[in-house]
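Asker: Have a look at this one before I ask anything.
Rule-based calculations on the coordinates, nothing more; no lab input. Given the structure is predicted, the values throughout are model-derived calculations rather than measurements. Backbone-built Cβ (ideal geometry, glycine too); neighbour counts: all protein chains shown.
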Amino acid sequence: MAYWLFKSEPDDFSWDDLVAKGEVGEEWTGVRNYQARNNMRKMALGDRGFFYHSVKGLEIVGIVEICTETHPDSTADSDKWDCVDVRAVMPAETPVSLDTIKTHPDLQDMAIVKQSRLSVAPVTEVEWAVLCAMLGVEG
DNA sequence: GCCAACGTTGGC
DNA sequence: GCCAACGTTGGC
């Protein structure tokens, strides 16, 4: 299984919005960046990810699961953009802030530190384990 | 194929 | 609200 990080502005689509969608989840639409799209193309059913609030909050607030295969983005006006559906698995017991991530020695290579604009990014197994422990959740 | 101009993202 | 970083566009 692979691990990922999804960023969203809470004013646009928040963790609570995803929780409200329940087991069915929601299409992760609107990605118009090739690198982020390519990351989504590598995702598989059952992969897990972090849900991060950008702009407002600046912290990881929950765990999501990829609940569809990659499929065309229904909101795109061309056929080159794909997405997956994600559903909320569990909230973070203790959200982890960007500031904390930036100061943790094991998390310096994360895209959120090095490439802040990438909205869908891969997470390594080590990063996953470290962050799950900090979040107070079972990876 | 290069690069300047422009638009968007996201932290501060 | 500002601005740095980055990606995309389009003229040459």
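Asker: Cut-off is 10 Å between beta-carbons; in what order do A:Ser119, A:Ser14, A:Ser74 appear when sorted fewest neighbours first? List each step's numbers first, then the result.
Answerer: Numbers: A:Ser119 22, A:Ser14 18, A:Ser74 9.
By the 10 Å Cβ count, ascending, the order reads A:Ser74, A:Ser14, A:Ser119.
Asker: Another question, if that's okay. I'd like the orientation of helix A:125-135 relative to chain A: the angle between its Cα long axis and the longest Cα principal axis, in ° from 0 to 90, rounded to 10.
Answerer: 70
Asker: By per-residue mean of other Cβ atoms within 10 Å, what is the highest-first order of A:2-10, A:101-109? Please list the in-between numbers first.
Answerer: Details: A:2-10: 19.4, A:101-109: 13.6.
Taking the mean over residues of other Cβ atoms within 10 Å, the ranking is A:2-10, A:101-109.
Asker: Also, I was wondering about something else. Considering only A:His53, A:Pro72, A:Thr94, whose Cα is most displaced toward the positive end of the charge dipole of segment A:45-97, charges sitting on Cβ of Lys, Arg (+1) and Asp, Glu (-1)?
Answerer: A:Thr94
Asker: Take segment A:3-135, drop everything but the C-alpha atoms, weight them equally and run the Debye formula without solvent; then report log10 I(q)/I(0) at 0.12, 0.19, 0.20 Å⁻¹ to two decimals.
Answerer: -0.41, -1.09, -1.21
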